[in-house]
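Peer 1: After the C-alpha cells below, expect a handful of questions from me.
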Amino acid sequence: MGAVAHCVIVDAPAPRPRVLIVGSGGIGGIVTAALLEHGASEVCALTTNQEIARAVSERGFRVCGVDGARTVRGACRTKLSGEDPPFDFVMLAVQPPQVEGAVRDTLPWLAPDGAMVCLQNGLCEERVEKIVGPDRVLGAVVSWGAAMPEPGLYERTAHGGFTLGRLDGRQDPRLPTLRMLLEVVGPTEITPNLLGARWSKLAINCAISTLGTIGGDRLGALMMHLSVRRLALRIMAETVRVARKLEVRLEKVSGTLDLEWMALTDEELASPASPALVTRHAMLLAVGARYRRMRSSMLSAIERGRTPAVDYLNGEVVTRGRAVGVPTEVNAAAQAAVHAIAEGRARCGMPAIYALAEEVGAR
C-alpha cells in the first residue's frame, strides 16, 4: 500500500488595503508618514501643491514635534492616471473648502466597495454624501494637531487619535480595517454616534480654531487671556444649544472637552464669580497647556492665500441656528472677524480679540 499524501491548505494573506491620501498639509503629511512606516497598506499621497511634491520627493516626509524627529521615505504625486488601480480608502485631508472638489476629482479611482474618509473638521460627511452616497462615506474625527511649517516638514503639535463611524450610525464592515490602519497614528475608536462626536468637535473648533485665527498665536499663549476664554465659552455654549435644538446627542471625543459639561447657561455666563464659570476657565487653561503648540490651520490657510474654513465651522452653526431659531451672535461675529482678516480688512492679534470681545460683551 502506498503512502498517503497529506495536502495542507494555507490561506493566502489578505491583500493590503490601497489608500489614497488627498492633501499633504499637516494632517495629511503625518498620516501618510505613519502609514508608510507601518507598511500595512499601499499608500499613495496626492497634492496639488508642486512645492510640497518636490520637497517630499527630494527629502521625504520630515516629521517633528511631540513624537520626535524622523524622516520617512516616500513621494507625493500631483495627479493620478488611468493606469492606477482603484483605492479601498480615499482619505480626504484637504481643508473643508476644497473637500467637494477633491471628492469629484478622485471618485473615478474609488473602488466599488471603497469609502471616502473625511478627516476634516466641521460636518463635511454631509457634503460628501451628496456626491457619492451615504454608503461610500466614513468619518474620522481627528483629536490631535499638526502643522506644516514649510513644504514637506510636518510638525505634530499634540497627541491624540481618531473617532470613526458613519453619520447614520450603522455598523460598517470597513470600519475595523480603517481602525487598524489609523491606530498607527494614535488611539482609534469606533462610535455609533458619529454625528454627536462631530458636533462636539465642531463646538471646540468653532472656539479654538477661529479664535486662534483671530488671535494669531498658538493655543497655549492665547488661552492665558481672559477675553479668549470668555469668547470660547460663549461660542461653545451657542453651538451646543443649536445641536440640542437639532436633537443631536453630543458625544465626548476622546482626549477633548466634554461639551455637555462645558456648555454654560446664560446665568452662569453672566456671573463672573460663579463656581461653574471658574471651573470652566480652569479647564480651558488646562486645554491650553496640553495643546499649547497647536496653531490654527485656518490661520495657515490665510497666510498661504487660501480660503479659511470658517464658513464650515462657525458658519454652519450660524446657518443652522437661524433655521431653528437659536441665536448665534458670537459665532456670527467671529465668522465675520475671520473674513475681515482673510480679505485684508483687519489684522490678527490680541487687539482683534479685544475688539471681538467688546462687540459681543465678553470683555
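Peer 1: Normalised by the number of residues in segment 158-203, what is the relative contact order in percent for Cα pairs under 8 Å and 6+ residues apart? Write down the numbers at each step before the final one.
Peer 2: Values: 53 pairs, mean separation 23.0, N = 46.
Relative contact order for segment 158-203 comes out at 50 percent.
Peer 1: 222 nm [θ] for the chain, helices only, -39500 (n - 2.57) per DSSP H run of 4+, per residue, to 500? Show your work: numbers first, answer last.
Peer 2: Details: 15 runs with 162 residues, N = 363.
Here the helix-only value at 222 nm equals -13500 deg cm²/dmol.
Peer 1: Run down the lysines and flag those whose C-alpha is under 26 Å from the C-alpha of K252, throwing out any fewer than 8 positions away in its chain.
Peer 2: List returned: K201.
Peer 1: Right, next: Considering the values (i) 21.8, 98; (ii) 21.8, 76; (iii) 19.6, 62, which represents Rg and Dmax of the Cα atoms in Å as calculated for the structure under consideration?
Peer 2: Correct label is (i).
Peer 1: Specify which residue in the list A53, V43, V66 is farthest towards the positive end of the charge dipole of segment 26-68, using unit charges on the beta carbon of Lys, Arg (+1) and Asp, Glu (-1), about the Cα centre.
Peer 2: A53
Peer 1: Shifting gears a bit: Taking only C-alpha pairs under 8 Å that are 6+ residues apart, what is the relative contact order of segment 18-192 in percent? Provide the component values of the computation, followed by the final result.
Peer 2: Numbers: 380 pairs, mean separation 40.3, N = 175.
Relative contact order comes out at 23 percent.
Peer 1: Same structure, new question: Please report the spacing between the Cα centers of segment 16-61 and segment 296-313 in Å, no decimals.
Peer 2: Spelled out, the Cα-based centre of one part sits 21 Å from the other.
Peer 1: Okay, next question. What relative contact order, as a whole-number percentage, does the chain give when Cα pairs under 8 Å and 6 or more residues apart are counted?
Peer 2: Numbers: 689 pairs, mean separation 52.7, N = 363.
So the answer I get is 15 percent.
Peer 1: What list of ³J(HN,Hα) couplings, whole Hz, do you get for segment 145-157 from phi and the Karplus terms 6.51, -1.76, 1.60, once you set θ to phi - 60° and write x for glycine and proline?
Peer 2: Result, rounded to whole Hz: x, 7, 9, 10, x, 8, x, x, 10, 10, 9, 7, 9.
Peer 1: While we're here: Between E359 and T279, what length in nm is gained on full extension when 0.36 nm per residue of separation is reduced by their alpha carbon distance?
Peer 2: On the way: separation 80, 0.36 × 80 = 28.80 nm, distance 2.50 nm.
Between E359 and T279, full extension yields an extra 26.3 nm.
Peer 1: Are there DSSP H segments in the chain that both extend 27 Å or more along their axis (alpha-carbon positions) and score a mean Kyte-Doolittle hydropathy of at least 0.0? List them, or say none.
Peer 2: Details: long enough: 194-215 (30 Å, 0.89); 226-245 (29 Å, 0.22).
Sorted by number, the helices that extend far enough and score high enough are 194-215, 226-245.
Peer 1: I need the peptides 333-344, 112-123, 281-292 ranked by packing, meaning the mean over residues of other C-beta atoms within 10 angstrom, with the highest value on top.
Peer 2: Numbers: 333-344: 19.4, 112-123: 22.3, 281-292: 17.0.
Taking the mean over residues of other Cβ atoms within 10 Å, the ranking is 112-123, 333-344, 281-292.
Peer 1: I want the antiparallel fraction of DSSP beta bridges within the chain, as a percent rounded to 5. Don't skip to the answer; put the middle values down first.
Peer 2: On the way: 11 of 37 bridges.
Of those bridges, close to 30 percent are antiparallel.
Peer 1: Separate question: Assign one of three labels to segment 37-88, namely rounded, prolate or oblate, based on the Cα gyration tensor with a ≥ b ≥ c the square roots of its eigenvalues; rounded applies when a/c is under 1.5, prolate when it is not and a/b is larger than b/c, and oblate otherwise. Write down the numbers at each step before the final one.
Peer 2: On the way: a/c = 2.77, a/b = 1.43, b/c = 1.93.
Oblate is the answer for segment 37-88, as a/c is 1.5 or above yet b/c matches or exceeds a/b.
Peer 1: Please state the charge dipole magnitude for segment 18-192, taken about the Cα centre, from unit charges on C-beta atoms (+1 on K and R, -1 on D and E), reported in debye and rounded to the nearest 20. Write out the running numbers ahead of the final one.
Peer 2: Details: 17 positive and 21 negative charges, 51 e Å.
In total the dipole reaches around 240 debye.
Peer 1: Charges on Cβ only, +1 for Lys and Arg, -1 for Asp and Glu, centred on the Cα centroid of the chain; of M223, G321, I131, which one is farthest towards the dipole's positive end?
Peer 2: M223
Peer 1: Antiparallel as a % of all DSSP beta bridges within segment 18-192, to the nearest 5? Working shown, then result.
Peer 2: Details: 11 of 37 bridges.
Beta bridges within segment 18-192, antiparallel portion: roughly 30 percent.
Peer 1: With the cut-off at 1.5 for a/c, could you classify segment 217-283 from its C-alpha gyration tensor as rounded, prolate or oblate?
Peer 2: Oblate shape, in that a/c is at least 1.5 and b/c is the bigger or equal ratio.
Peer 1: Oh, and also: Indicate the gyration tensor shape class of segment 197-360 (rounded, prolate or oblate), computed on the Cα atoms with a ≥ b ≥ c the square roots of the eigenvalues: a/c under 1.5 is rounded; otherwise a/b larger than b/c is prolate and the rest oblate. Don't skip to the end; give the middle numbers.
Peer 2: Working: a/c = 1.44, a/b = 1.20, b/c = 1.21.
Rounded, since a/c falls under 1.5.
Peer 1: Now, a different point. Evaluate E = 1/(1 + (r/R0)^6) for T265 and S81, where r is the Cβ-Cβ distance and R0 equals 56 Å; express this FRET efficiency to the nearest 0.05. Mind showing how you got there, number by number?
Peer 2: Details: r = 57 Å, r/R0 = 1.02.
Calculated transfer efficiency: 0.45.
Only the coordinates and a few stated rules stand behind these numbers; no lab work does. This is a predicted model, so every value here is computed, not measured. Using ideal geometry, Cβ is built from the backbone for each residue, glycine included, and neighbour counts are taken over all protein chains shown.
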